[in-house]
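Structure, as structure tokens:
Values in this text are rule-based calculations from the coordinates and carry no lab data. Source: prediction; values computed, not measured. Every residue, glycine among them, receives a Cβ derived from its backbone with ideal geometry; neighbour counts consider all protein chains shown.
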Amino acid sequence: MSDPATYEPKTVLEVVQSRRSVRAFLADPVERAMIDEILIASSRAPSGSNIQPWKVHVLRGSSKEQLSRKVLEVVNDPQEQAKHSELHPYYPKDWKSPYLERRRALGWGLYSLLSLTRENKAGMKAQHARNFTFFDAPVGLLFTTDCSMERGSWLDLGMFMQNIMLLAKARGLDTCPQAAFNAYHRVVSEHLGLSADEILVGAMSLGFADLWKS
């Protein structure tokens, strides 16, 4: 684990080049003050007419564990899972070149690092399910916006999320942006008590990378 008190910030270029999506985290806690610092600074992200169309729900401890349990109950029940889908699909229904090849290369590259073969469907499903525990990170972030907002505001939110990932990296932390929760937006909405006009856009794991597994 990197000690935030002694971690030496890198240049912007170094941070951008070293950022990666980490899928294994240590249980070591992240101080709330550091989370707040990252989120406040990240809110400097540009947004059209400075409307800042984002909300961040920070989950730690029992609240994070309860959401993970609720989502996994649905994921592990085929009949229940069939009742859930994304409001706004992240990926296209029909893939074309070169995007299909890139996606396959990344997917099989990841699975090969985990020693998962194409035949190991159960192993791949279990790995995907780790999304819903935030890959064991101590902090889970859920991002929402007003459902009346158009695509431009989703771009604004994306820049806000990018700021979080880069500032976290500069503080010795790692992240993983996630779309997997979107299919279970009704479970998330009920858990967080979202208003009817608030829509889930994405999630993010935040914590110290487990360098032996990530």
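A few points about this structure:
- Electrostatic dipole magnitude of the stretch 1-127 [Cβ: Lys, Arg +1; Asp, Glu -1; Cα centre; debye, to 20]: 520 debye
- Taking N as its residue count, the alpha carbon Rg of the stretch 93-152 over 2.2 N^0.38 Å: 1.53
- Taken over the alpha carbons of the stretch 130-200 as equal point scatterers, the Debye sum produces base-10 log I(q)/I(0) values at 0.18 Å⁻¹ of -0.82.
- Positive-end residue of 152, 45, 78, charge dipole of the chain with Cβ unit charges: 78
- Amide H partners (placed H, <5 Å) of residue 139, local residues excluded: 206
- Amide H contacts of residue 22 (H built 1.01 Å from N, under 5 Å, at least 5 apart or other chain): 175, 176
- Dipole of the stretch 106-214, positive end: most advanced residue of 141, 164, 116 [Cβ charges, Cα centre]: 116
- Remark: the stretch 75-214 is approximated by an ellipsoid whose semi-axes, taken from the C-alpha gyration tensor as √(5λ), come to 25, 21, 17 Å, largest first.
- Annotation: amide H-H contacts under 5 Å for residue 202 (H modelled 1.01 Å from N, sequence separation of 5 or more, or interchain): 143.
- Fraction of the pair-distance distribution of the stretch 65-107 above 13 Å, Cα-Cα pairs, percent: 68 percent
- Fluctuation leader among 33, 183, 41 - the chain, Gaussian network, Cα springs under 10 angstrom: 33
- Kirkwood-type radius of the stretch 1-158, with distances r between different C-alpha atoms, in Å: 19.0 Å
- Magnitude of the charge dipole, the chain, Cβ model with Lys/Arg +1 and Asp/Glu -1, debye to 20: 680 debye
- Charges were assigned to the Cβ only: +1 to each Lys and Arg, -1 to each Asp and Glu. The resulting dipole of the stretch 81-163 about its Cα centre is roughly 460 debye.
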